[in-house]
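Below you'll find the structure, written out as structure tokens, and then a few comments.
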Amino acid sequence: MLDKVTELIGDVQAFKAVSKEEIEAFRIKYLGNKGLLKELFTEFKTVDASMKKDLGQALNRLRNAATDKVKELNDAIEDTASSKAIYGDLTRPSEPIQLGSRHPISLVRNRIIEVFSKIGFTVSEGPEIEDDWHNFTALNLPEYHPARDMQDTFFIEQDPDILLRTHTSSVQVRYMEENEPPIRTISPGRVFRNEDISARAHCIFHQVEGLYIDTDVSFADLKQTLLYFTKEMFGKSKIRLRPSYFPFTEPSAEVDIYWGLETEVDYKITKGTGWLEIMGCGMVDPNVLKNANIDPEKYTGYAFGMGIERIAMLLYQIPDIRMFYENDVRFLEQFKSVL
Ligand code: PHE
């Protein structure tokens, strides 16, 4: 009988339960009115007196073990129940975190800033509501200059002196007025032109313009910088500069990159030529330097400017510029994985 009781003590200690029902069944089995302990104590009365001491102790140990076990299991269940009430089910799989996405215009702007900051360009910003001087006159576009028509302008109220900037070249004028050469800065920002909205043009868009002024800056420096940029930005290493006209640069050029003709899309976006125009550039006109109190006899410089939307459309193959401003989440969510 002693062996049997010792075995039962082992069983009791090893017992595990997760529900209240199981614990109750266990309690009834050992400690109930018709339970095992009751039976064993009845049997105990009949054993030989010499056995009583050991057996009695063993039976007490069994009863204590069973009572402790019931208490311990009930406590554990209560603990989980109360922590569930506070924290919910701690074993459930976690909920996925909803990540937002950056707007493709921000993504491309940040990338352009990153590429130019590696070669020492700082970032400069200026106001979106500008005066005539910074947007036009200082940039060698005096009143009635025909080239003003290249950029249809929104004026504020009836005052022709106050307008929404048509390019961020205005920021460069401000920067030159406030800083001495050497100057190396890029100006990202929103610009406004009074144009009809279509798949390729919008009245609000974004630009990054660059300015470099120092002694002995040459057209070769400009080309090399642009080549570095197109390599970093697009992974393309062939560019060409086509003569062009801007009032604030002389000579001026349009920059094309060789995109290639590998896919049908390449044919479409390059109109079968393989070449894509991505920005305007040139050597800063001496008149512009003079207007900003920089000595054109001592310093030369180059400038360039590009549209962020255009670059984003090329990089992500976005067919319509209006998609940038509609805030359709199905469009925006596609940029989730890009940093
Ligand atoms: N400001 C010009 C534009 O908005 C771009 C440009 C900048 C061209 C600098 C040449 C040099 O179209």
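The values are calculated or read from the model by the stated rules, or taken from the named source; none is laboratory data. As the structure is a computational prediction, the values presented were derived from the model and not from experiment. So basically every Cβ, Gly included, is an ideal-geometry build from the backbone, and we count neighbours across all protein chains shown. Accessible surface areas use protein heavy atoms only, side chains included; no ligands, DNA or RNA. Shrake-Rupley method; radii C 1.70, N 1.55, O 1.52, S 1.80 Å.
The stretch 195-237 and the stretch 1-79 have Cα centres lying 86 Å from one another. With a cut-off of 14 Å between beta carbons, the residues surrounding Lys38 carry a summed charge of +3, where Lys and Arg count +1 and Asp and Glu -1. Computed with every protein chain present, the accessible area of Leu2 is close to 60 Å² [probe 1.4 Å]. Within the stretch 55-141, the trypsin sites (Lys or Arg not before Pro) that combine a DSSP coil assignment with at most 16 other C-beta atoms in a 10 angstrom radius are Arg102, Lys118. Projecting the Cα atoms of Leu8, Tyr87, Leu40 onto the charge dipole of the stretch 2-87, computed from C-beta unit charges around the Cα centre, puts Leu40 farthest toward the positive end. Adding -39500 (n - 2.57) for every DSSP H run of four residues or longer, then dividing by how many residues the chain holds, sets the calculated 222 nm ellipticity at -13000 deg cm²/dmol. Across the chain, the volume of the C-alpha convex hull divided among the residues equals 262 Å³ per residue. Within the stretch 1-45, name every residue whose backbone N is under 16 Å away from a label modeled 7 Å from Cα of Ala81 along the Cβ vector. In the stretch 1-45, the label zone of Ala81 (backbone N under 16 Å from the point 7 Å along Cα→Cβ) covers 17-25. Overall, the stretch 159-260 carries a charge dipole of about 640 debye about its Cα centre when +1 sits on the Cβ of Lys and Arg and -1 on the Cβ of Asp and Glu, all other atoms neutral. Computed in the context of the full set of protein chains, the accessible area of the chain at 1.4 Å probe radius has 52% of its extent on carbon or sulfur. Among the GluC sites (Glu not before Pro) in the stretch 272-339, those located in a DSSP loop and surrounded by at most 12 other Cβ atoms within 10 Å of their own Cβ are Glu297.
Equivalent ellipsoid of the stretch 1-127: semi-axes from √(5λ) of the C-alpha gyration tensor, largest first, are 72, 16, 10 Å. The trypsin sites (Lys or Arg not before Pro) of the stretch 290-339 that meet both conditions, a loop assignment by DSSP and at most 16 other Cβ atoms within 10 Å of the site Cβ, are Lys298, Arg322, Lys336. With both residues required to sit in the chain, DSSP beta bridges show an antiparallel share near 95%.
Summed over the residues of the stretch 104-335 and divided among them, the accessible surface reaches 49 Å² per residue at a probe radius of 1.4 Å.
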